[in-house]
Amino acid sequence: MASLTTRWLSGTVPGTADELTADLAVACRKALSDQTPLTFVALELTGVEAIRSIEGPTVADHLVSTVASTLRRLSRRDRQLEAYRTGPVDFAMLLRQTTVGEALVVAAAVRQRIISYAAPLDATLGLAVHHPRWCPDAEGLREAGLATLAQARQLGGNRVLAGVVSGGEWTWLDGPAAVL
């Protein structure tokens, strides 16, 4: 399968939700066979509708496109990061060979860049790390990332949260400081 980067390097948006499904399955199999970590990041923008009502649809659409372009540029620079647009204000990232601590640092930097674009634009990110014992497949990893995103929303949003399973229990790591 061709790398996501080669498929959309010249485009202005990240890969699609369908490409995410295919790439996630391949990445999970590779992480399992290589015994390397793989992190799934679910990203949700909030505040877009408020910007749309205050500034108009052109400004709101431009901000979402700017986020997409930012993710595309990041994946160009870092071959371990792949980005996807999964909905109107939703994105996902795969971080290969990246520990939960490293993934939290990357996600926090992405969030910081996004919220610097305009108020009241916020970003909530939920991370899940592939572990063969509790997340043996791509769908399990995606579900864990989305569950972590939902937990981050319940905690008020506009944050980076990682969900880690240890001994069958979830532990929530709220931002990079939780693991540093």
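The values are calculated or read from the model by the stated rules, or taken from the named source; none is laboratory data. All of these numbers come straight from a predicted model, not from anything done at the bench. Using ideal geometry, Cβ is built from the backbone for each residue, glycine included, and neighbour counts are taken over all protein chains shown.
Inside the stretch 49-95, can you point out the residues that are touching a strand residue (DSSP E or B) at 6+ places or on another chain (Cβ under 6 Å) and basic (Lys, Arg)?
Listed by number, the list holds a single entry, Arg85.
Identify, please: which residue in the stretch 84-117 is closer than 20 Å to Gly157 by Cβ and of a type in the set (Ser, Thr, Tyr) and is, among those, surrounded by the most Cβ atoms within 10 Å (Cβ to Cβ)?
Top of the filtered list is Thr86.
Name the single residue that is modelled with the highest pLDDT among those in the stretch 1-28 being touching a Ser or Thr at 6+ places or on another chain (Cβ under 7 Å) and of a type in the set (S, T, N, Q).
Only one residue fits best here, namely Thr12.
For the stretch 151-164, state whether one or more residues are over 12 Å from the mean Cα position of the chain (by Cα), more than 30 Å from Val59 (Cα to Cα), surrounded by 17 or more Cβ atoms within 10 Å (Cβ to Cβ) and without any contact (Cβ under 8 Å) to a residue 60 or more places away in the chain.
Scanning the stretch 151-164, I find at least one residue that is over 12 Å from the mean Cα position of the chain (by Cα), more than 30 Å from Val59 (Cα to Cα), surrounded by 17 or more Cβ atoms within 10 Å (Cβ to Cβ) and without any contact (Cβ under 8 Å) to a residue 60 or more places away in the chain, so the answer is yes.
Please go through the stretch 14-24 and give me each residue that is assigned to a helix (DSSP H, G or I) and of a type outside the set (Gly, Ala, Ser), ordered by number. First the steps, then the outcome.
Kept after step one, since they are assigned to a helix (DSSP H, G or I), are these residues of the stretch 14-24: 17-24.
Within the stretch 14-24, Asp18, Glu19, Leu20, Thr21, Asp23, Leu24 qualify.
Considering only residues that are in contact (Cβ under 8 Å) with a residue 60 or more places away in the chain and surrounded by 14 or more Cβ atoms within 10 Å (Cβ to Cβ), which ones fall in the stretch 60-83? Please lay out each step first, then the result.
Restricting attention to the stretch 60-83, the residues satisfying the condition of being in contact (Cβ under 8 Å) with a residue 60 or more places away in the chain are 72, 75-76, 79, 82-83.
Passing the criteria: Arg72, Ser75, Glu82, Ala83.
Limited to the stretch 25-40, what total is found for residues that are surrounded by fewer than 17 Cβ atoms within 10 Å (Cβ to Cβ) and assigned to a helix (DSSP H, G or I)? Walk me through it before giving the result.
Filtering the stretch 25-40 down to residues surrounded by fewer than 17 Cβ atoms within 10 Å (Cβ to Cβ) leaves 25-26, 29-30, 32-36.
Still in the running and assigned to a helix (DSSP H, G or I): 25-26, 29-30, 32-34.
Of the residues in the stretch 25-40, 7 are surrounded by fewer than 17 Cβ atoms within 10 Å (Cβ to Cβ) and assigned to a helix (DSSP H, G or I).
Conditions first: (1) surrounded by 14 or more Cβ atoms within 10 Å (Cβ to Cβ); (2) without any contact (Cβ under 8 Å) to a residue 24 or more places away in the chain. Glu49 passes all but one, so which condition is the exception?
Tallying (1) surrounded by 14 or more Cβ atoms within 10 Å (Cβ to Cβ); (2) without any contact (Cβ under 8 Å) to a residue 24 or more places away in the chain, Glu49 fails exactly one: (1).
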